[in-house]
Amino acid sequence: MSRMDFEQAHQVCMRIAQNIENVIIGKREVIEETLVALLANGHILLEDVPGVGKTMLAKALALSIGGNFARIQFTPDLMPSDVTGVSIYDQRTGSFRFRKGPVFANVLLADEINRANPRTQSALLEGMEERQVTADGETYPLPQPFVVIATENPVEYEGVYVLPESQLDRFMLKISIGYPSAPDEKAVVKTQLEGHPIDELQAVCEPTDVLRLQTVTATCHVDEAVYDYILEIVGRTRESDQLQLGASPRGTLALVRTGQALATLQGRDFVSPDDVKRLAASALAHRMLLAPQARLGDTRTADIINNIIEEVAVPV
């Protein structure tokens, strides 16, 4: 595998982003944050209303990188083995054979993850954290790259299980797609009158290219002043009276890694404070828990993060 520099990494990222934009129209920032998580070797939680393109985003990403795509519809009766796989007795050999579940994919869409029971939700945790699945005492490595894109509907509360903080903490970024603008929505409707553009989407790179992108991302320079800037932001979430639970050290690491990924995506070999400011809410807000008095109002954890950013001095 040949080495890749930051300019080459930028070019590959732009090809992927432009390719996805053929399907997800007018959401360049969302596409870039999805690529940021991919470059940082992390997972994504998409919380949004139905019909805005969450599934299509995951499919378009998998097709663009030439990777395998799998989708799991999470339901209350879904079992952990439906995610990871199951051992089946083979009468010909007289032994058990492991049949891999849908988790063995490059891009896994965990659709409506909050509809499954906590036991099934937790079946994903080992794969998300360790990039492996253990079944019947045997460990099976997952394909690389491996990214989970989980979706949940924020407006439905019946028949759903709230994701525990320990699982939310495993998602590197939490993203909302949002409704398209009127011109973009018109373009979406027109492009789908005679067929869906996802059916014609072609790969613009290979999974091995993504691994090279991740390697380049890990070498992106982070200045001591930027480290201190990130630590100051995270530290203030733990001191805020509006929060019962501040961001974890895993959140600190996520903010550093996503900063490296955004810089790499833009063709830079160093992380700037602007990278941190852009990604702070997406990387930290879902890891925090509002204090009881803050829940009574319209306060959101993302608003608290944005207020902290306004207060913390930006390093020169």
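Filter the stretch 182-215 down to residues that are farther than 17 Å from PHE69 by Cα and among the β-branched types (Val, Ile, Thr) and give me whichever is surrounded by the fewest Cβ atoms within 10 Å (Cβ to Cβ).
VAL189
Identify, by number, the condition in (1) closer than 29 Å to PHE6 by Cβ; (2) surrounded by fewer than 19 Cβ atoms within 10 Å (Cβ to Cβ); (3) acidic (Asp, Glu) that ASP275 doesn't meet.
Result: ASP275 fails condition (2) only.
If VAL189 satisfies all but one of (1) closer than 30 Å to ASP303 by Cβ; (2) without any contact (Cβ under 8 Å) to a residue 12 or more places away in the chain; (3) of a type in the set (A, V, I, L, M, F, W, C), what's the number of the condition it fails?
Here VAL189 meets the rest and fails (1).
When the stretch 129-152 is examined, which residues are found to be modelled with pLDDT under 90, in contact with a strand residue (DSSP E or B) (Cβ under 9 Å, 6 or more places away or on another chain) and surrounded by fewer than 16 Cβ atoms within 10 Å (Cβ to Cβ)?
THR134, ASP136, GLU138, THR139
Of all residues being touching an Asp or Glu at 6+ places or on another chain (Cβ under 9 Å) and of a type in the set (Ser, Thr, Tyr) in the stretch 241-268, which is surrounded by the fewest Cβ atoms within 10 Å (Cβ to Cβ)? Just the residue, please.
SER248
Which residues, taken from the stretch 90-138, are outside any strand (DSSP E or B), hydrophobic (A, V, I, L, M, F, W, C) and within 21 Å of GLY67 (Cβ to Cβ)?
Listed by number, the residues that qualify are VAL103, PHE104, ALA105, ILE113, LEU124, MET128.
Conditions (1) surrounded by 17 or more Cβ atoms within 10 Å (Cβ to Cβ); (2) in contact (Cβ under 8 Å) with a residue 40 or more places away in the chain; (3) out of contact with any Asp or Glu (no Cβ under 6 Å at 6 or more places or on another chain), marked per residue:
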| site | (1), (2), (3) |
| --- | --- |
| LEU35 | yes, yes, yes |
| LEU38 | yes, yes, yes |
| HIS43 | yes, yes, yes |
| VAL52 | yes, yes, yes |
| LEU57 | yes, yes, yes |
| PHE69 | yes, yes, yes |
| GLN73 | no, no, no |
| VAL83 | yes, yes, yes |
| VAL86 | no, yes, yes |
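With respect to GLU112, determine if the residue is surrounded by fewer than 18 Cβ atoms within 10 Å (Cβ to Cβ) and of a type in the set (Asp, Glu).
Values: surrounded by fewer than 18 Cβ atoms within 10 Å (Cβ to Cβ): no; of a type in the set (Asp, Glu): yes.
No; evaluated as a whole, the condition is false for this residue.
I'm checking my understanding of the structure. Among residues of the stretch 274-306 that are outside any helix (DSSP H, G or I) and in contact (Cβ under 8 Å) with a residue 24 or more places away in the chain, which one is nearest to the chain's Cα centre (by Cα)? It would help to see each step written out before you state the result.
Restricting attention to the stretch 274-306, the residues satisfying the condition of being outside any helix (DSSP H, G or I) are 288-291, 296-300.
Now narrow it down to the ones that are in contact (Cβ under 8 Å) with a residue 24 or more places away in the chain: 288-291, 299.
Values: MET288: 17, LEU289: 20, LEU290: 22, ALA291: 26, THR299: 24 Å.
Out of the qualifying residues, it is MET288.
So which pairs qualify, if the first residue must be in the stretch 125-153 and closer than 22 Å to LEU63 by Cβ, the second must be assigned to a helix (DSSP H, G or I) and of a type in the set (Gly, Ala, Ser), the Cβ gap must be under 8 Å, and the two must be at least 6 apart or on different chains?
Listed by first residue and then by second, the contacts come to LEU142/GLY127; PHE146/GLY127; VAL147/ALA37; VAL148/GLY127; ILE149/ALA58.
The values are calculated or read from the model by the stated rules, or taken from the named source; none is laboratory data. All values derive from a computational prediction rather than experimental measurement. All Cβ positions, glycine included, derive from the backbone under ideal geometry; neighbour counts span all protein chains shown.
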